[in-house]
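Down below is the structure, laid out as structure tokens.
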Amino acid sequence: MKNLTLSNLGDGMLEDIFQRELKKTMDDIADEKSDWSADRKITLEISIGSDSEREIGYVSITGKTKLPGYPSKKTVLAFEPDGNGSLMASPSNMIQGELFDMQNKKRSGAKL
């Protein structure tokens, strides 16, 4: 009978699960939107059980990765009436040019 080791557990299943979770971690570190200074955590959980005669066992391996969330950011929105009694929200940088266009049209006497 061969002794159970981490390398032969589940025909390499532990290594496969670790590599999958490591890839998630490396992808998160490479993401410039994620917090570079936060630690990431990979947890490998191995559960071992047996039948009632204690002759046959089973192994369950679970991999979990804890990644930091994205840092919160604030931005400015512009609100304007939508014509139906509600407000419409727009990112402030998207209407900036339109604001200047409206001011120029007002100066030139054009109808808005």
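Results, tabulated for the structure shown:
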| quantity | calculated |
| --- | --- |
| Restricting the range 1-87 to chymotrypsin sites (Phe, Trp or Tyr not before Pro) in coil, as DSSP defines it, with at most 14 other Cβ within 10 Å | 36 |
| Charge dipole magnitude, Cβ of K and R +1, D and E -1 - the range 9-66, Cα centre, debye nearest 20 | 220 debye |
| Kirkwood hydrodynamic radius of the range 9-66, from inverse mean 1/r over distinct Cα pairs, in Å | 13.3 Å |
| Relative exposure of 64, 74, judged by other C-beta atoms within 10 Å (fewest first) | 74, 64 |
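Any read-out appearing in this document is the output of simple, stated calculations on the displayed coordinates, not a laboratory observation. Just so you know, these numbers come straight off a predicted model, no measurement behind them. Counting neighbours? That spans all protein chains shown, and the Cβs are built from the backbone with ideal geometry, glycine included.
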